[in-house]
Amino acid sequence: MVRVLSGVQPTGEMHLGNYLGAFRSWSAEQYESDAFFCIVDLHAITVDFDPKQLASRTLHTATSLLAAGLDPSRCTIFVQSQVHEHSELAWILECTATMGEMRRMTQFKEKGAGQESVSLGLFAYPVLMAADILAYDADRVPVGDDQRQHLELARDLAHRFNARYGETFVVPDASVPRVASRVMDLQDPTSKMSKSAQSHLGTIMMLDDPTVIERKIRRAVTDSGTEVLYDPENKPGISNLLELLAAASGGAPDQLASGYPNYGSLKSAATEAVAEMLRPARERFAAFSRDPGEVRRVLSDGAQRAGEVAASTLRRTHAAIGILT
Ligand code: AQP
């Protein structure tokens with residue numbers, strides 16, 4: 001059976017980009033593959049974070065994954081820091097990666113831009129991500145478009161390690177959704193929708209109720225002109241709304257465009273489709289929130305299963321580089 005792994009940071013409320021770029025395909029993967037989904041708390045501490053909130057955000061993220069449709073009887077859901085092999089494997093891979101490779105990572109450049117100093121952890125983040133993936137012999141990694149470069153690095157490190165020390169790692173493939181692989185901010189459609197966006201109006205949260213979704217889409221920045229056209233370069237705002245509509249209701253964004261005589265009618269249709277798509281997740285979140293003990297049990301079972309797989313990979317890796325056992 002094909003093995004799949006992906007991860008999400010517990011850095012705040014999950015948004016529509018996380019849902020469309022990741023969680024929705026994760027829910028589909030659990031029916032056709034041996035799927036592992038990881039809450040990557042060690043990645044979340046590479047930038048400023050609040051220690052008082054880390055644990056509760058981790059639980060909140062786990063609840064969001066269950067709400068988005070992940071079923072622990074069909075997939076493994078776990079917390080990265082509860083499987084110590086991730087950090088150990090990351091160190092070994094850091095000795096395979098180069099400084100030059102890390103400097104080329106666009107996410108590092110974006111997150112580090114304008115900062116007086118950045119942590120070594122933020123610099124090495126993509127190697128930890130490679131360890132997350134390679135520890136599970138993942139064949140496929142379903143992610144949003146923003147993670148392509150990190151996936152390429154994981155592939156390069158796997159190839160390089162295998163060439164130097166003998167076949168050890170499976171080389172993973174990225175799997176990026178066809179529509180809405182990069183959901184853009186509603187207030188700034190040239191930037192991706194993100195948990196750390198400046199304006200909350202630009203980000204639709206997975207748990208927003210329909211009136212909030214309606215307000216955010218109604219106030220979404222549009223483009224000059226009045227014609228509804230799918231043209232991401234010249235009409236980024238309208239194209240983003242068409243992508244959301246297509247992702248939520250089916251169809252292709254360029255073909256849907258002709259069905260809307262003006263921006264207002266497109267906004268109404270997108271509002272309705274997005275609110276309806278997110279409704280089950282909102283309802284399930286309320287139900288799971290009433291039983292945090294059950295969420296903890298899911299994570300504890302997940303860590304045990306994940307730990308067995310990761311430990312076996314780490315043993316293989318140690319043997320490949322000749323560590324005394
Ligand atoms: N805007 C997006 N469109 C499509 N996919 C997205 N993802 C994130 N934003 C979008 C995908 O969601 C998964 C989990 O992401 P993450 O939270 O681990 O990392 P991130 O990409 O750093 O998310 P944010 O919201 O941008 O967080 P901050 O603001 O904290 O940096 C990944 O598969 C990602 O591709």
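Stretched out straight at 0.36 nm per residue, the stretch from ASP50 to SER289 would grow longer than its current Cα-Cα span by 83.9 nm. Short-range pairs are left out: with C-alpha atoms under 8 Å and at least six residues apart, the relative contact order of the chain is 23 percent. Restricting the chymotrypsin sites (Phe, Trp or Tyr not before Pro) of segment 1-89 to loop positions (DSSP other than H, G, I, E, B) with no more than 10 neighbouring Cβ atoms within 10 Å leaves nothing.
Using only the C-alpha atoms, the convex hull of segment 1-135 corresponds to 123 Å³ per residue. Among the trypsin sites (Lys or Arg not before Pro) found in segment 117-217, those both in a DSSP coil and sparsely packed, with 10 or fewer other Cβ atoms within 10 Å of their Cβ, are ARG178. The orientation-averaged shadow of the Cα convex hull for segment 215-275, equal to a quarter of the hull surface, comes to 3.5 nm².
About its Cα centre, the dipole of the chain is roughly 280 debye, where the only charges are +1 on Lys and Arg Cβ and -1 on Asp and Glu Cβ. Counting neighbouring beta carbons within 10 Å and listing from fewest to most, the residues ASP173, ASP185, ASP145 come out as ASP173, ASP145, ASP185. Loop sites by DSSP among the GluC sites (Glu not before Pro) of the chain, restricted to those with at most 15 other Cβ atoms within 10 angstrom, leave 1-115 as the longest stretch without any of them. Give the relative contact order (percent, whole number) for segment 161-290; include only Cα pairs under 8 Å separated by 6+ residues. Relative contact order of segment 161-290: 23 percent.
Full extension of the chain between THR98 and THR211 yields a length gain of 35.8 nm, computed as 0.36 nm times the residue separation minus the alpha carbon distance.
Picking from GLY302, GLY100, GLY21, which is most flexible by a Gaussian network model of the chain using Cα springs under 10 Å? The residue that fluctuates most here is GLY100. Across the chain, Cα-Cα distances exceeding 30 Å account for 37% of all pairs.
Here the simple spin-label model places points 7 Å from the Cα toward Cβ, and for VAL118 and HIS318 these points are separated by 3.3 nm.
Laboratory data are not the source of any read-out in this text; all were calculated from the coordinates shown. As the structure is a computational prediction, the values presented were derived from the model and not from experiment. Quick reminder, even Gly has a Cβ in these numbers, built from the backbone with ideal geometry, and neighbours come from all protein chains shown.
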